[in-house]
Every structure is written in structure tokens, then in C-alpha cells.
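See below for the structure under consideration.
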Amino acid sequence: MSYDKCVRCGSCLQFCPMFDATGEEQFSPRGKAYLLQVMDQIEDDEELAKEFRRLLFECSLCGRCEETCSSGVDLLRVWHEQRAKAIETHPEEFAYLEPLKDALANVKNIYGLAAEDRAIYWLDELEDEIPGLADRVYEKGKTTENIIFLGCLMSFRGSQIPVLRSLFQTLEKLEIDYLVMGAEENCCGHPLYLMGNEKGAQELREHNKKVITAAEAKRVISCCPGCLIQLREHHNLEGVEALHHTQFFDRLFEKTKKYDQKEKFSYHDPCELHRILEIKTEPRSLIRKMGIEFKEMDLSCCGGGGLLRMTDPNLSDKIIQLRVAREGVKDTTVITACPSCREQLLGQDLKTKDIVELLSETLDGGAD
Amino acid sequence: MKIRDVVIGANASMYYKLNFKNIKGVYYPKTEQDVLAAIAHAKQNGFTVTPKGGGSGLSGACTGGNDQRVMISTLQMKEILTVSKDQGYIDVQPGITPDKINEFIAPMGLKFFVAPSSRDVATVAGILSTDGGGNDTWINGTMRDNTIRVKMVLYDGRLLTVDSKGVRRNDLELEEQLNKIGMTIHDVASSHGTLGFITELRLLIRPTVKEALMGGLAEFPECNVLGQALHEMIRKNIKINYGEVITEAHVDVREDLRPPLHVVEFPVELESEMREIIDFRRLDSKELARMKDVRVKLPKRNPKVGIQVALFEGYGFYDESLIKLQDSIDSVNTLLIEHGMTPFAKYGHGPSKWYTGDNSATYGLILHSREIKPEGKRGQEMFDTVLAIVEKCNELKVTPKPEHKWPFSDEVKRKKLEEIRTVIGRSFNPFLLSPECNDILGSMV
Ligand SMILES: Cc1cc2nc3c(=O)[nH]c(=O)nc-3n(C[C@H](O)[C@H](O)[C@H](O)COP(=O)(O)OP(=O)(O)OC[C@H]3O[C@@H](n4cnc5c(N)ncnc54)[C@H](O)[C@@H]3O)c2cc1C
Ligand code: SF4
Ligand code: SF4
């Protein structure tokens, strides 16, 4: 058990966004690892055990603790395993997650909306602006080099439309051979994975794998780091490269036109992108190729990961509010590259742009 | 019992299996007023009080033993209150870390010169309460040398200000009593939370001087040669800025290093003097940074199989025991092995400085130690090994210093703390000075 390796040095405390927001040790990685180490002393106390199970879901699974730890504690894995155990042994305490599980089992998306609507909302919105977009939606028999995996957030949320518009416009402008998985796309399984429900996640993945294979795609491209974790690490795709959109576009350009910068930018690097997928250089490289000047934000979590928006929305809000206050980004546009981070930033009335929005604007009218 | 009452027991020492039922309240104050309220709650109910900082201490002192107690954490008292560049001080709350202080004052060209390896998590009040130090203690002193004054809250709610000259407070009678027995900042240093709750510290900060430094790595065939070299540096009073020693390290954690070795950084003009004492290879800044990083991480790394444990954190080798460093280490290792422990790594600060209970400074090598946690050994057996090491240290003339501080075995220190506690009360962390201390610690391993 890797939590045994925790020497309780405390180095992870200062980096944990939960501890930062609450200031109490039980929210910290050390606190939780310690609880596991002394579990034999407390597990008979049902109230304590219950509180511990709740604490496991007060974590954004940002991975900062694991990155900091020099003692080889595989913290993310510990949190995943413990979450799975908590839900399995005490499902009644997690009844609030049932609608999500049901939605994923029945309609394969987190919103419980009809599966076939996955390519309806954004298509309605963008079809007129991007001629031929409807033909880009995958159907049986169609093949492509690049298949776009949008994920639930981008498929269903109106707030993501500007990113989608830029993504498709850029792909069109660059004459990329692509299809969007559309109604044939299942949720990637990430929410279930975050609950430790491997079996449920696997069912969703299997369908996706079939579609990607049938489309004969060489690449599957996603703007969502959570989806990409699933596609790259858990879908067992053979001969198909799973890429973040920033990786895909960065490879295409030696240099671009210069972005016509009129505002101040800061960059929020999504945790799942840089810490878990270790995609650190391409997003920055792409921004730099456009000649954009920006301020790096702290490499910390926005509070939107690990299902925290569902399990403790107040804590999730507090985390982003603290960061906004501390990092003075109100007068900047926050660049990011993750639909979930985007939602968190918009929730604080911050201006935000995905990197592909900047790219699209640059290709459209940037200075030489 | 709530989960926050359990988690407050999390600390880096091997004394972590607490009897949680006796924790009667956990507080995370933000202000002195909050501290007063927490202590008043303890007093009303007859509970003792244990202050806790980063919980990185290795003596078990921040656990409070097994008393019915209130735990007060400083983790939410981490504000910087004032910086005086001209007068060279910074006023801070007790829960701030050296790293955070330096992050704040570095742009002003200033530095706080106390650098334990745990400086990312150890709090200034915790470091003073253990009189910690780091890789530059040799030239910059221990925490007490860098603390101008502290403000403390006592069990009865009275407030004290203590500096190097004595005690000040409005209550003249108490002031007189404490000054009569000569209470100063030296007594707060290494007091392990047994006096009161530190709510504010005035710390020495100094301009960072730009000087040309040289990094070097010296390897030794065995530790006696290393010990003699350190002894010589101390004798000649060579002011090296950074000195870290690794005498042994398990193959799983030492990367490509070949202990015994000494990593040093010093002003370039000292090169020839240094060459007279050690044969070192120059390190460029990148190599030096890597060495420093390995050193900082060594105390946390685990073997591939098994888990490390800080059985006995610190040995202070000086004079004869330093000159015969290898013999001294061999003697300790033999004892460890006899007690079924496997030595894992030993590393530390050298040359370095520490204080003994009579407040006199000693110079030598502070060596930290880690062992591989033995399977199936009872806590009490492990604790018996600790006691045997204390005895061995006395025999070898090594200062037994679990994390540089062992108030329980230093009779002079212990006596002085008792004297002060007769005046101010005995309700802060009393287990440490009680006859049952060893039994209590043994039960928590
Ligand atoms: C990986 C690692 C490396 C280390 N390296 C070093 C090193 O290089 N040098 C070194 O000296 N030590 C080192 N240590 C030991 C440790 O970091 C120090 O002992 C440190 O001073 C403890 O500070 P803390 O804030 O964590 O205090 P804690 O462990 O929380 O408490 C230590 C003592 O201080 C008391 N205390 C805390 N706050 C207050 C307060 N406000 N008022 C009164 N009493 C208080 C507590 O009651 C307790 O007795 C290391 C530890 C680890 C885990
Ligand atoms: S950094 Fe690692 S070893 Fe240290 S307290 Fe955190 S989890 Fe434990
Ligand atoms: S994953 Fe992130 S939020 Fe969760 S314990 Fe680790 S640092 Fe804290």
C-alpha cells in the first residue's frame, strides 16, 4: 500500500488547493494519507469512517501532491482506489452521484440528454457559419485521417460554442481531413474513472474504440484533457495517436502570423494537461508562435476537476475565487486549453479564451 | 470525536499512533485573540495545550503525548506583519515558513538566513521551539541566533515578550520573577512548546551580499578522514556558506553519489585554504543545484522495498567523536543492527553549530539518520533502541539530538524549563517533562 510510504513530511500541504482553501489538515494529502495509516484505530467509529469517505471526494485530483512527494507515494492512485472502495462499500452515501451514473449508463453523456443530440446543439449553432459542417459528422462507413472527440462538455454546453467555432474554422481553413464523432461518441468514461468505477468506464470506452477504429483514423484529437487521459491512457487504441488539439496544431506550424494583441493575457495551464498528461510545451509553443505576450499563472488547480463541482461546489468556487484574488488576473484574458477550466473561469466572470480561439483569430486576420 | 481531531496527529516523527480520544479540541487560530480564546477553553476545562506548526518535527513533541489536551495549530497564522529594511527585521506570525519569508523579501534584496531542509513546511515558531538550523548554520547560526524577540501567550492568558536580554510585560511582578531567573530567548529556543504559545516573532533579515562563490564535491575513502577535515575547517574557522555531508545512503536513493562525501560552497577567495583541507572537484552551478536537491530529498526518499523511518534524527559529532567519525558511526550502526534495525542513510550539516542545554555553542557535524522500518517490531522495542542510542551518544560524547533537540535528556535545559514553569505554569505540553514521557512516546511508535 503506497500510502504507507508517506513519511508525513508535510511538503505536499502548501500545494494542495483543498488545504489552501480550507486551512485545515484533514483536507490535505498528508492528512488523508495519515488517516489511512491510522485507519485500524478509527475504522470502528462509523461517523469518522463516513467523514473520511466524504473527504476523499473533496479533492480535485489535480495531482499536485503526487508531483511534490519525494517519498514515492502514488497519491493519485491511492485517491482513485479509495474512492472506488468508498462507493462500493457505502453506495448510499453517494446517492447524489447516481443520476450521473444512470445518465452515463443510459444515454452515455453526463447531462442525461438524448444520445443522438450530441451533434445537434453545436451543429444548429454553427452550420450556417461553417458550410459543410454537417458532412463532417461521422456516420457508419465514413473514414478520415483525424477524428475529433469533443466530449460531453463541448458537445452540450452553449458556453463552449466559441471554442468549437474556432476549432472547426481552423480545421477548415487548414484543409484538414477530419470528422467529428458526433452522436456516435460516448462519454470518454472520465467521470466514472474519477469515481473509481472502472467497469462502467470500460463499457463506454469500448464503443468509442470501435468507432475510432471503424473510421480508420490515424489520430483522435480532443480539446478536453480529461477525455484525452481516457483516450490516450485507457482506450487501448492501436495505431491511433491520441492528441490534444494544441499538440496537433503546434505540429502544423513552424510559425504563424502574429496575433493582433490588444489585451493583457495570462495563461492557466490545466492540471490534467500538464501534470497528468505531461503536455507542457506545445500549448506554450503555440501561443509563442503567435507572438502573444502572457503571464504564467501559478501551476495550480482551478477547482473544477475530480468531480469537485458535483461533490462540493462551494469548495470548488472558493478555490478559483482565491486564485483570482491572489493572482490579479481580473484585468486579463485568461488563456486556457480545457473546457472544464473554461467553465470555472467563466463562473467567476473572467474573460477567457481557448488557445484555438487565438489561433483562429490569428489565421483570420493577424499581422504578418 | 471528529476527523479533524484525528488528523491533527499527522506529523513526521515515528510517534504518530496517538490516543485520539484525548484530543479535546483542535483550533486553527488566525489572530492572537483566537489563540487566547482557544487557551481559555483549555483552561476552563482543565485540558493541557499543545502547539503545532508544520508537524515536521521528529521528536513527537507536537503530538502532546497522551494528555487530555487542546491542540492549537499555527497553519492559519502565516502573515507577514512588518518589514524593516533599515533596521533589518521582519515581524511575522508563527506559522510562516522560511521559504515564504524569503519569497517575499528576496525582491527587496534581503534574506532570512535559517535553512533547515524542511524549510518549505517547518514554521518559524516550530523551528525556534526546536532551535533548528540548516546547511549554513555554521556561518549564520541556529534559529535562536536569528530571532530578535517573540511574543507568547501563557496558559493563564497573560502575554509575554521575550528577547535576548529578558522578559517584558505589563505585569511587573511576573516580569521581575522571570527576569530574576534569567529567562531569555535562549530558553524559548528548543523549549518544544512547553512554555506558551508563540504568536509573533521578530526575525533578523540581512541584505543578500553578491559574492563570487565556488561549489565543490569532495569524496572520502571513509568517514574518519571526513571528520578530520570538518574538524580542521572548524579549527581554522573557514567561513563556508554551504556544507552538507552524506556519510552513507542506500543504493535505492543515492543516485550516482558515492558517500562519504562533502558538498561545499564557499567564497572563491577561500579556494586555496579549502584545498589544503579537502581534495574537491569543482561543481558548476547546475551540478551544485542537483546535489543540493538530492540532499533535500534524501530525508524523504524510500527504499524500493520497505519504508524508511526517522528512529533517531540527529547526532551532534564534535571534537573527538568528529575526528573519529567513522568509528563513532560504526559504533552507532552496530547498536542499530543489534536492535534489528537496518541503517538506511545518514546525512547532515557540516560544519555546523548547535547549542547545548546551558546555552553554550558547540561546533561540529549534525548528522541526521534514517533506518529501514523493521517488520514486526513492536513500537516499544523501537523506542528502547532510541533510549539505547541516547546512552551510546553519551558514551561517545556525541550530542544526542533528535532533530537537534532533546530537552528530555539534557538535564541543564530540563532544569531551566522546570524553573520557568514554576512561575508561568505547567500546562503547555507537560508530557515532555514528565517521568512518563518515555512510556508515552514508546506507546505511540
Ligand atoms: C524531511 C525533513 C527534513 C528536516 N530537516 C531538518 C533540518 O535540516 N534541520 C532541522 O533543524 N530540522 C529538520 N527537520 C526537523 C523539523 O523540520 C524541525 O524540527 C522544525 O523545526 C519543526 O518545525 P514545525 O513547524 O514543523 O514544528 P512542529 O513539528 O509542528 O513542532 C515542533 C515543536 O514546536 C512546538 N511549536 C510549534 N509551534 C509553536 C508555537 N506557535 N508556540 C510554541 N511552540 C510551538 C511544538 O509544540 C513542538 O514541540 C526535518 C524534518 C523533516 C521531516
Ligand atoms: S509529500 Fe509525500 S511523504 Fe510528504 S506528507 Fe505528502 S504524501 Fe506524505
Ligand atoms: S490531488 Fe490535488 S486536491 Fe487532491 S489531495 Fe492532491 S493536491 Fe490536493
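The values are calculated or read from the model by the stated rules, or taken from the named source; none is laboratory data. None of the values given here were measured: they were computed from a predicted structure. All Cβ positions, even for glycine, are placed from backbone atoms using ideal geometry, and neighbour counts span all protein chains on display. These area figures cover heavy atoms from the full protein model, side chains too; ligands, DNA and RNA do not enter into them. Shrake-Rupley method; radii C 1.70, N 1.55, O 1.52, S 1.80 Å.
Tabulated data
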quantity	calculated
Unmet criterion (only one of (1) in contact with a strand residue (DSSP E or B) (Cβ under 7 Å, 6 or more places away or on another chain); (2) surrounded by fewer than 24 Cβ atoms within 10 Å (Cβ to Cβ)) for B:Ala115	(1)
Selection within the range B:119-132 - touching a Gly at 6+ places or on another chain (Cβ under 9 Å) and within 21 Å of B:Phe197 (Cβ to Cβ)	B:Val121, B:Ala122, B:Thr123, B:Val124, B:Ala125, B:Gly126, B:Ile127, B:Ser129, B:Thr130, B:Gly132
Check on A:Asp20, in contact (Cβ under 8 Å) with a residue 60 or more places away in the chain and away from ligand 1 (no atom under 15 Å from the Cβ)	yes
Selection count, the range B:423-439, where residues are of a type in the set (Val, Ile, Thr) and open to solvent by less than 30 Å² (accessible area, probe 1.4 Å)	1
Odd one out for B:Val305, checked against (1) open to solvent by 70 Å² or more (accessible area, probe 1.4 Å); (2) part of a helix (DSSP H, G or I)	(2)
The range B:146-183, residues that are free of Cβ contacts under 8 Å to residues at least 40 places away in the same chain and under 23 Å from B:Pro116 (Cα atoms)	B:Asp163, B:Ser164
Criterion violated by B:Trp354 - all others in (1) assigned to a strand (DSSP E or B); (2) more than 24 Å from the chain's Cα centre (by Cα) satisfied	(2)
Selection count, the range A:65-103, where residues are under 19 Å from A:Tyr3 (Cβ atoms), away from chain B (no Cβ under 14 Å) and acidic (Asp, Glu)	2
Number of the condition not met by B:Gly109 [criteria: (1) within 12 Å of ligand 1 (Cβ to nearest atom); (2) in contact (Cβ under 8 Å) with a residue 40 or more places away in the chain]	(1)
Hits in the range B:311-342 (condition: under 24 Å from A:Ser2 (Cα atoms) and either open to solvent by less than 10 Å² (accessible area, probe 1.4 Å) or assigned to a helix (DSSP H, G or I) (or both))	B:Leu311, B:Phe312, B:Met341
Flag if A:Val324 is of a type in the set (Val, Ile, Thr) and outside the structural domain of A:Leu350 (by TED's automatic domain parsing)	no
For A:Met39: the one exception among (1) among the aliphatic types (A, V, I, L, M); (2) more than 8 Å from every other protein chain (Cβ to nearest Cβ); (3) more than 16 Å from ligand 2 (Cβ to nearest atom)	(3)
The range B:11-31 - residue that is outside any loop (DSSP other than H, G, I, E, B) and touching a residue at least 24 places away in the same chain (Cβ under 8 Å) and, of those, farthest from the other protein chains (Cβ to nearest Cβ)	B:Lys24
Candidates B:Thr147, B:Thr137 - the one that is away from ligand 2 (no atom under 16 Å from the Cβ), among the hydroxyl-bearing types (Ser, Thr, Tyr), more than 23 Å from B:Val263 (Cβ to Cβ) and at pLDDT 95 or above	B:Thr147
Filter pass, A:Ser60 being more than 9 Å from every other protein chain (Cβ to nearest Cβ), near ligand 3 (Cβ under 9 Å from one of its atoms) and in contact with a helix residue (DSSP H, G or I) (Cβ under 9 Å, 6 or more places away or on another chain)	yes
Helices (runs of 4 or more DSSP H) wholly inside the range A:94-213 that include at least 2 residues being open to solvent by 40 Å² or more (accessible area, probe 1.4 Å) and touching a residue at least 60 places away in the same chain (Cβ under 8 Å)	A:98-106, A:161-173
Candidates B:Ile72, B:Ile8, B:Ile96, filtered to the one that is within 13 Å of another protein chain (Cβ to nearest Cβ), open to solvent by less than 30 Å² (accessible area, probe 1.4 Å) and without any contact (Cβ under 8 Å) to a residue 40 or more places away in the chain	B:Ile96
Within the range A:270-300, tally of residues that are over 11 Å from the mean Cα position of the chain (by Cα) and assigned to a loop (DSSP other than H, G, I, E, B)	11
Only one of B:Val188, B:Val167 that is modelled with pLDDT of 95 or more and over 18 Å from the mean Cα position of the chain (by Cα)	B:Val167
Residue within the range A:13-26 that is over 23 Å from A:Ser340 (Cβ atoms), of a type in the set (A, V, I, L, M, F, W, C), open to solvent by 10 Å² or more (accessible area, probe 1.4 Å) and more than 7 Å from chain B (Cβ to nearest Cβ) present	no
Residues (open to solvent by less than 10 Å² (accessible area, probe 1.4 Å) and in contact with an Asp or Glu (Cβ under 9 Å, 6 or more places away or on another chain)) located in the range A:317-331	A:Ile319
Residues of the range A:42-57 that turn out to be more than 29 Å from the chain's Cα centre (by Cα), open to solvent by less than 20 Å² (accessible area, probe 1.4 Å) and more than 7 Å from chain B (Cβ to nearest Cβ), as a count	1
Test: residue in the range B:49-58 that is more than 10 Å from every other protein chain (Cβ to nearest Cβ), surrounded by fewer than 24 Cβ atoms within 10 Å (Cβ to Cβ) and at pLDDT 95 or above	no
Unmet requirement for B:Asp120, which otherwise passes all of (1) within 13 Å of chain A (Cβ to nearest Cβ); (2) outside any helix (DSSP H, G or I); (3) more than 16 Å from ligand 3 (Cβ to nearest atom)	(3)
